[in-house]
Amino acid sequence: MTFDSRLFEGRRALVTGATQGIGAGVANRLAELGARVTASGIDRGDGSLAAGIDVKIADVSKEGDVADLVGSFDALDIVVNCAGIIRRGAEHDPDVFAQVLAVNLTGTMRICSAARPLLAQRRGTIVNTASMLSFFGGSLVPGYAASKGGVAQLTKSLALAYAQEGIRVNAVAPGWIATPLTQALQDDPARAEPILSRTPLGRWGTPRDVADVVAFLCSPAAAFMTGVILPVDGGYLVA
């Protein structure tokens, strides 16, 4: 075992965007490690969540949904923001651009802000989801890239703002992960080959790869880490 199965025993965790993909992987991993997990999403997802995980329907771009979601907790130790959308090509339309930022960036801020008082009571931790596109641009995804660049800077800023309350704020920056979000790329050899050839470890990542790093950042092993944007990319960023 990489981690003790009781690592998060007695801890309450909220994972947004958690009814499929990376979010579901994170929710499942935290639950395996003893946390009581609530997974939120705009629907109940694809059935990849483990039994015992509470599922709540919420849209992080809506203030009322966020208030209701966070208001349903009497305690919180861990918040992981995985809610995100991408609209390849269409993001050059300013209205679509704004929709992507509303979910990926402002939605992350809404959750962090709403959860802050509960996390302060337990000296909790936040892990946001950045991206390789936090570090460089994408011609088809100006909204996604801008939002993920914003998530990186938001993470650093909240790490400073929340530190005196004992709240650590970090982010993971996944590389190319095999999820429904990247399925079209995985299925197209002409697009998949350049990705794999640039990835030194030579494979697509998995949600579990990201989830284990999230677990580390939430654990006492990372007690002196805050404001970090940690790539989980098989070496893609340095290739």
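Taking N as the residue count of the range 14-161, its C-alpha radius of gyration divided by 2.2 N^0.38 Å amounts to 1.01. When only the Cβ of Lys, Arg, Asp and Glu is charged (+1, +1, -1, -1), the dipole of the range 1-157 relative to its Cα centre reaches about 440 debye.
Distances between placed amide hydrogens fall under 5 Å for VAL232 paired with ALA173, GLY175, all partners being 5 or more residues away or on another chain.
Of the trypsin sites (Lys or Arg not before Pro) in the range 19-60, the ones in a loop by DSSP (not H, G, I, E or B) with at most 15 other beta carbons within 10 Å are ARG44. Amide H contacts of VAL169 (H built 1.01 Å from N, in plane; Pro and chain starts excluded): ILE126, GLY227 sit under 5 Å, all sequence-distant by 5 or more or on other chains. In the chain, taking the dipole from charged Cβ atoms about the Cα centre, the farthest positive-side position among VAL232, ALA221, ALA102 is held by ALA221.
Our estimate of slack between GLN121 and ARG198, defined as 0.36 nm per intervening residue step minus the Cα-Cα distance, is 23.3 nm. Couplings 3J(HN,Hα) of the range 187-193, computed from phi: 7, 10, x, 5, 8, 6, 4 Hz, in residue order, whole Hz [Karplus 6.51 cos²θ - 1.76 cosθ + 1.60, θ = phi - 60°; x for Gly and Pro]. Local charge sum around PHE135 (other residues, Cβ-Cβ under 13 Å, Lys/Arg +1, Asp/Glu -1)? So the environment of PHE135 carries a net charge of 0.
Extension gain for the segment ASP46 to GLN153, taken as residue separation times 0.36 nm less the Cα-Cα distance, is 35.4 nm to one decimal.
On the beta carbon distance between GLU165 and ALA75, with R0 = 25 Å, the FRET formula returns roughly 0.95. Distance between the modelled labels on ALA190 and ALA239, one decimal in nanometres: 2.0 nm (7 Å Cα→Cβ projection). Using only side-chain charges placed at the Cβ, +1 for Lys and Arg and -1 for Asp and Glu, the dipole size of the range 38-98 relative to its Cα centre rounds to 180 debye.
The H on the amide N of GLY205, modeled in the peptide plane, is under 5 Å from the matching H of TRP176, ILE177, ALA178, each at least 5 residues off or on a different chain.
Our coupling estimate for the range 203-213, obtained by passing each phi through the Karplus curve with A = 6.51, B = -1.76, C = 1.60 and θ = phi - 60°, is 8, 6, x, 10, x, 5, 4, 6, 4, 5, 6 Hz, Gly and Pro reported as x. A straight line joining the Cα centroids of the range 182-239 and the range 84-107 runs 22 Å. For the pair ASP93 and THR206 in one chain, pulling the backbone fully straight at 0.36 nm per residue adds 37.6 nm over the alpha carbon distance. Counting only residues at least eight positions apart within a chain, or on another chain, the aspartates and glutamates with an alpha carbon under 16 Å from that of LYS56 are ASP43, ASP46, ASP65, ASP68, ASP74.
The numbers here are math on the coordinates, done by the rules we state, and not lab data. As the structure is a computational prediction, the values presented were derived from the model and not from experiment. No Cβ is skipped: glycine too gets one built from the backbone with ideal geometry, and neighbour counts run over all protein chains shown.
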